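Peer 1: What follows is a single structure, and I will ask about it in a moment.
FYI, it's all coordinate maths here, none of it is from the lab. Quick caveat: nothing in here was measured; it's all calculated off a predicted structure. Neighbour counts run over all protein chains shown; Cβ positions are idealised from the backbone, glycine included.
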Amino acid sequence: MASREKFGMRQNNRMGIKTIVVIGISLIFLRATPRAMAQEIDVLIKNGHVIDPRNSINARMDVAIANGKISQVAADIPESQAKKVIDAKGLFISPGFIDIHTHVFVGSKTGFADGINSLSPDDFTGRSGVTTVVDAGTSGWRNFPVFKEQVIDKSKTRILAFLNIAGSGLSGKPSQENLDDMNPDSASHMLKKYPETIVGIKIGHYEGKEWTPFDNAVEAAERSNAPLLVECHLPQYSLEDQLNRMRPGDIITHSFEKISERMSVIDEKGVVRPFVKEAQKKGILFDVGHGGAGFWFSEAIPALKQGLVPNSFGTDLHRFSVNSGMKDMLNVMSKYLAMGMKKEDVILRATWAPAKSIRREDLGHLSKGAVADVAVWSMRKGNFGFVDAGGNKIEGDWKLEAELTLRDGKVVWDLNGLSAKKFVE
Ligand SMILES: [Zn+2]
């Protein structure tokens, strides 16, 4: 445009045929403008129903993506402006889902039970509409650089991490229990070194009675101005003592776990315990953390009815949970639909709410300029069964299914070939 204006101005100083020719050329340029704009949108997803809780959008809208970013969300964006058009009629569009509790340090030879439990994230994320996972302390300050090099940098999934206060993360005994290795200095130093990737500190799976690991984890989180993720199953730390030590914005996972020795969120009469309500009021965030043993309907249903609503649907993705009642994040979300949560609320807790909890407000929404991590999904109607960690089942009429997942504007999952070319014989 600038050079064309200069060219026009130069010619304006003269009269006659040359001026007419220049005006003619300018008109050709102007008429060419819409065709130039046709190059501006890389992918246009049309006719879907957008649910973007961060931006209070819950309506039929088109979503335009350019250069890996959201360029526009609006009704009726013209197809002529797009290189590729995807028809999402009858489908929902939302920000890509964020799973804040996973174990994806694959190849690490670390485990928290009896072996190698991490999974390769790309094998499980796109097909569940998940574009960001947060590893829950599978690595610590000693081996995080290896995790980054081997997995984080080589995956399509955006991988963030809570750093375990134990130096080598979930490395099993004896190193996982070594108090001298739970160093708040080293942990907060590592967090400062990788602020783009490490979102907080994690404490969990410690078997001793001392509070040193917990206190050191709080100190590391405090120094790093970051949240603490608490994943303690064992009875040596009561739930009340854990919640009392946590700060507003810290996250407790396996919130609806029912392991007899660990005090649960619900009392014998099915009422949310007063200290849990207090913790919620104080600003502690409750993550589902389903896993293989971390989710029971007998806890989660009364909690939901009484307003103890999970802030996020961390799956605790690992080798055992994917083949149990957990399965994947969409299954956990569908479970909450079956328990009576509205779909808009489910999407909030799968997108913007977890983004805020890990203090990554650049994620979890479809604002103009945001990274184009997008989930296109359907609600299938039928008879579905949902199982908890105790083998108890509830039934539901709806199941969420990931149709198309885009990460950084690129298709990473396409169940029915929405983005594919039609085969012509
Ligand atoms: Zn876990």
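Peer 1: For ARG360, which of the numbered conditions (1) touching a Leu at 6+ places or on another chain (Cβ under 8 Å); (2) closer than 19 Å to LYS202 by Cβ; (3) surrounded by 24 or more Cβ atoms within 10 Å (Cβ to Cβ) fails to hold?
Peer 2: ARG360 satisfies every listed condition except (3).
Peer 1: Hey, among the residues in segment 372-388 that are surrounded by fewer than 23 Cβ atoms within 10 Å (Cβ to Cβ) and of a type in the set (A, V, I, L, M, F, W, C), which one's farthest from SER419 (Cα to Cα)?
Peer 2: Result: VAL387.
Peer 1: What are the residues in segment 251-284 that are over 23 Å from GLY391 (Cα atoms), within 16 Å of the ligand (Cβ to nearest atom) and either part of a loop (DSSP other than H, G, I, E, B) or in contact with a Ser or Thr (Cβ under 8 Å, 6 or more places away or on another chain) (or both), if any?
Peer 2: ILE251
Peer 1: Just name the residue that is surrounded by the fewest Cβ atoms within 10 Å (Cβ to Cβ) out of those in segment 153-189 that are in contact with a Lys or Arg (Cβ under 9 Å, 6 or more places away or on another chain) and closer than 30 Å to VAL411 by Cβ.
Peer 2: Top of the filtered list is LYS156.
Peer 1: Another question, if that's okay. For residues in segment 305-325 being away from the ligand (no atom under 11 Å from the Cβ) and among the polar types (S, T, N, Q), which is surrounded by the fewest Cβ atoms within 10 Å (Cβ to Cβ)?
Peer 2: Within segment 305-325, the match that is surrounded by the fewest Cβ atoms within 10 Å (Cβ to Cβ) is ASN323.
Peer 1: Suppose we filter SER324, SER312, SER255, SER298 for residues that are of a type in the set (Gly, Ala, Ser) and more than 23 Å from PHE162 (Cβ to Cβ); which single one remains?
Peer 2: Every option except SER298 fails the conditions.
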